[in-house]
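In what follows, a structure is listed as structure tokens, so that the remarks can point back to it.
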Amino acid sequence: MNELQQKIINLKKEKNALILAHYYQTMDVQEVADHVCDSFEMAKRAFDAKQELLIICGVHFMAESAKLLNPGKTVLIPKPDAGCPMADMITPQDVTALKNFYPDAAVVCYVNSSAAVKAVSDICCTSSSAERIVKALPERQIIFIPDRNLGAYISSKVTDKEFIFHKGWCPVHDYIVPYDVENARLKHPNAKVLTHPECRPEVLELCDFIGSTSEIISFALESDNDEFIIGTESGVTEHLAALAPDKIFYPLTKNFICEDMKKTTLKDILSTLETGKYEITVSGDDFTKAKQSLERMVKI
Ligand code: 13P
Ligand code: SF4
């Protein structure tokens, strides 16, 4: 631990704060977190937290979700401009238009979305919970928003329902094309390819395992294989390399980086602990409905 990290750990204890970091954060940030999580675990950890002060190292929707699940607690985000471009691809008006067109459908909203969009949805999901959630719903028609790739993947698993997709995508995962997988396999023929369902269907088809960030990590750790090509953000590849030094992890492409996830620095976290900036708030109308959509997910 360096000096800055030690300062953060000391101040975190003094203030009785809980630091949650997503696997896509830089390694030095992951090292000061109480828990490194995927989106679902982050929501769950925030829901179960005993501490009054939660510091979310991730992107804005993650901190907003933590606040929705913990209205009485103080939720801080060290870098307020760290957003998710996919979450910005859909508005509440887009959802309402889809609902008017398909009045019998349930709206399943990927957590990578704003509170305003969650508020007009029936239930939220994460990449690791989406299949279970869609299967648990009584409705036969599902409006899946905003990620078309995750939606297509879930629809291939739940074949007795009809899906209507929004056209959103993750610029980081959707950038990968089949050539990248073929090329990586040529370079590392003994490696298993593990990818995130935000990748395109034609990419997923070529892979050995598809899962959320924590599912990818568990698969790699439990597998007998010792070489892996990691088809998600570089933070996961680095996290795995630190956890399992006896195995080899190759990034699927060189620059598999979510710029927004990399915005948070140790200095930002220290400053958040010192100043109490930047606090997350969600306005009245959206609050109750968005909270319901998230809580339904956590319960299922
Ligand atoms: P996870 O649900 O796997 O944490 O993914 C979050 C995300 O933003 C993926 O791009
Ligand atoms: Fe959003 Fe993609 Fe970054 Fe995840 S990796 S936070 S979906 S832009």
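Computed in the context of the full set of protein chains, the accessible area of the chain at 1.4 Å probe radius has 50% of its extent on carbon or sulfur.
Among beta bridges from DSSP that stay inside the chain, the antiparallel ones total about 5%. Bridgeable aspartates and glutamates around Lys254 (alpha carbons under 12 Å apart, same-chain partners fewer than 8 residues away excluded): Asp180, Glu233. Ranking Ser156, Asn70, Asn2 by how far each Cα lies toward the positive end of the dipole of the chain (charges on Cβ) leaves Asn70 at the top.
In this view, the solvent-accessible surface of His188, computed with a 1.4 Å probe and all protein chains in place, comes to about 40 Å². Centroid-to-centroid, using Cα positions, the range 121-145 and the range 206-229 are 24 Å apart. Highest GNM mean-square fluctuation among Tyr23, Tyr278, Tyr110, for the chain modelled with Cα contacts below 10 Å: Tyr278. Structure remark: mean-square fluctuation, Gaussian network model of the chain, C-alpha springs under 10 Å; the largest value among Lys13, Lys262, Lys277 belongs to Lys13. Extension gain, Ala242 to Asp285: 0.36 nm times the residue separation minus the Cα-Cα distance gives 11.1 nm.
Which residue fluctuates most in the GNM of the chain (Cα springs below 10 Å): Ile217, Ile230, Ile269? Greatest mean-square fluctuation among the candidates belongs to Ile217.
In the context of the full set of protein chains, the chain has a per residue accessible area of 44 Å² (1.4 Å probe).
Based on C-alpha pairs under 8 angstrom that are at least 6 apart in sequence, the chain has a relative contact order of 23 percent. The count of lysine pairs in the range 72-175 that are at least 8 places apart or cross chains, and whose C-alpha atoms lie under 18 Å apart, stands at 6. Helix-only arithmetic for the chain: the sum of -39500 (n - 2.57) across DSSP H runs with n ≥ 4, divided by the residue total, places the mean residue ellipticity at 222 nm at -12500 deg cm²/dmol. Under the membrane-span-like helix rule (DSSP H runs whose alpha carbons stretch at least 30 Å along the helix axis, mean Kyte-Doolittle hydropathy 0.5 or higher), the chain yields none.
The order of the peptides 25-32, 135-142, 190-197 by mean Cβ neighbours within 10 Å, most packed first, is 190-197, 25-32, 135-142.
The values are calculated or read from the model by the stated rules, or taken from the named source; none is laboratory data. Not measured: the values here are computed from a predicted model. No Cβ is skipped: glycine too gets one built from the backbone with ideal geometry, and neighbour counts run over all protein chains shown. Heavy atoms of the whole protein, side chains included, go into the accessibility calculation; ligands, DNA and RNA do not. Shrake-Rupley method; radii C 1.70, N 1.55, O 1.52, S 1.80 Å.
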